[in-house]
Amino acid sequence: METLWILGVLLSICSLSFSQECNQQLQEDVDFPGTDIKFVFSPDANHCQQLCTQHPSCLYFTFIRADWTKDNRHFYCYFKKSSSGQPNVRTPLQGVTSGFSLKPCSSEPQPCLPQLYHNVDFFGADYQTLFTADYDECQRACTRDPACQFFTFINGVFTPERIRYKCHLKFSWSAPITSIVERKTGVVSGFSHNTEITQEVKPACEGKLFPSTDIPGNDVVVLPAASPEHCQTLCSAHPVCTFFSFVSDKFNCHLKNNKNEMVPKTKEGVTSGLPARFCQLDNSWVKATFEGVDFGGNDIRYELMDDADTCQRTCSDEPTCQFYTYVNTNFFNSDYRRRCYLKRAITMPAPPKVTKLANVVSGFQLRNCVNSAPHTDVLT
């Protein structure tokens, strides 16, 4: 019996080791059914694989391609995981492609995405439009605009005629966004000291904050944030944010847009401010620790550690970790004490929706590409 138990342990270790091997192969017309975490939209299986790689807990995925015919789903990317790290079932299925996270591989943190997608619309997330001669010029405009992450270009035979040659520049967060920020006794949270909100080199400047001041209305989006400085950095990264208000008791960062006026009102517990567009804000807030604050979700894993400083250093030393939460020894539930939760969020370009649409071309910015990688055209 003891021999069988040892053999079982060894097989379990081998299985875990195998599940953590680098496996870049895509399996066409193979489904990994069940074990879904969530789904997001993606234009192809390679992009889906990169999204799975950046998701903190995705181990493998199934992507529903444009040639799927069983229902109206197209461009669905299903994140999946299991305790073994391997799919429980693999079945033949036309119109899907499956594969594995590249976490065990030495993958790029911000991959180059040179593909162009014909007859595919990256729907939503527009912040600016202009007319360009072709999709190459549209992609160049996107690449040169720091806020642009992807685009959709309408070609010269599109109907109606009045929007032909229109180039839609689109935004998604390249900064790590925490899912939840809330007060919780007995925990400490913070950011990796290597967190990069912007990759641009700009002259340093001080931000403009208005303590005990609210600027009501004109909300574009409300995001979790740890501090007014964190909220200001998010506003500075968003192309349409003209000012913001941070509500301290809820950790809510209200990004706002009004180019015509700004009407502040006195309100305790709220700090408002202005973004910085052409200079680099002081990033000392990244090195701050937030006592009694939990950054919920986005867990890569947890490790047992003696203090929050060790947790912070571990996060800063690990390339994939962007923020963390440490559970102190006085936490009410002893089962969680001394846990250091390492966390990350997806920061690569990700359209909120991908759909079929004739006579348009979509693609991504090439800032992450060396020497502007050549186009790879994908037709649907």
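Observations on the structure shown:
- Filtered by the rule that a residue be farther than 13 Å from E291 by Cβ and either over 23 Å from the mean Cα position of the chain (by Cα) or modelled with pLDDT of 95 or more (or both), segment 319-328 gives C321, Q322, F323, Y324.
- Single residue of segment 96-143 satisfying the filter (surrounded by fewer than 19 Cβ atoms within 10 Å (Cβ to Cβ) and among the acidic types (D, E)) that is farthest from the chain's Cα centre (by Cα): D134
- Pick from segment 277-299, criterion of a type outside the set (F, W, Y) and out of contact with any strand residue (DSSP E or B) (no Cβ under 8 Å at 6 or more places or on another chain), ranking: nearest to C311 (Cα to Cα): S284
- Members of segment 338-377 found to be surrounded by fewer than 21 Cβ atoms within 10 Å (Cβ to Cβ), assigned to a loop (DSSP other than H, G, I, E, B) and either free of Cβ contacts under 8 Å to residues at least 60 places away in the same chain or among the polar types (S, T, N, Q) (or both), listed by number: R338, T347, N368, N371, S372
- Looking at segment 17-88, the strands (runs of 3 or more DSSP E) lying wholly inside it that each contain 1 or more residues that are more than 20 Å from P104 (Cβ to Cβ), among the acidic types (D, E) and touching a residue at least 60 places away in the same chain (Cβ under 8 Å) sit at 27-31.
- Test: residue in segment 262-270 that is of a type in the set (S, T, Y), assigned by TED's automatic domain parsing to the domain that holds C205 and closer than 18 Å to A345 by Cβ: no
- Contact annotation: residue pairs with Cβ atoms under 6 Å, 6 or more positions apart or on different chains, pairing a residue in segment 308-330 that is over 11 Å from G186 (Cα atoms) and touching a residue at least 60 places away in the same chain (Cβ under 8 Å) with a partner that is small (G, A, S) and assigned to a loop (DSSP other than H, G, I, E, B), are C315/S192; S316/S192; C321/S192; Q322/S192.
- Residue match in segment 60-69 (condition: more than 16 Å from V354 (Cβ to Cβ) and either modelled with pLDDT of 95 or more or assigned by TED's automatic domain parsing to the domain that holds F150 (or both)): yes
- Test result for V120, closer than 15 Å to D31 by Cα and either in contact with a His (Cβ under 9 Å, 6 or more places away or on another chain) or touching a residue at least 24 places away in the same chain (Cβ under 8 Å) (or both): no
- Hits in segment 239-267 - residues which are under 23 Å from the mean Cα position of the chain (by Cα), under 19 Å from V286 (Cα atoms) and surrounded by fewer than 21 Cβ atoms within 10 Å (Cβ to Cβ): N252
- The single condition among (1) buried (at least 22 other Cβ atoms within 10 Å of the Cβ); (2) outside the structural domain of G363 (by TED's automatic domain parsing) that L169 does not meet is (2).
- Residues in segment 144-199 that are more than 18 Å from I300 (Cβ to Cβ), part of a loop (DSSP other than H, G, I, E, B), touching a helix residue (DSSP H, G or I) at 6+ places or on another chain (Cβ under 7 Å) and of a type in the set (A, V, I, L, M, F, W, C): C148, I197.
- Residue identified as outside the structural domain of D307 (by TED's automatic domain parsing) and within 20 Å of the chain's Cα centre (by Cα) among P224, P228: P224
The values are calculated or read from the model by the stated rules, or taken from the named source; none is laboratory data. Everything numeric in this text was worked out from a predicted model, so none of it was measured. We place every Cβ from the backbone using ideal geometry, glycine too, and count neighbours over all the protein chains shown.
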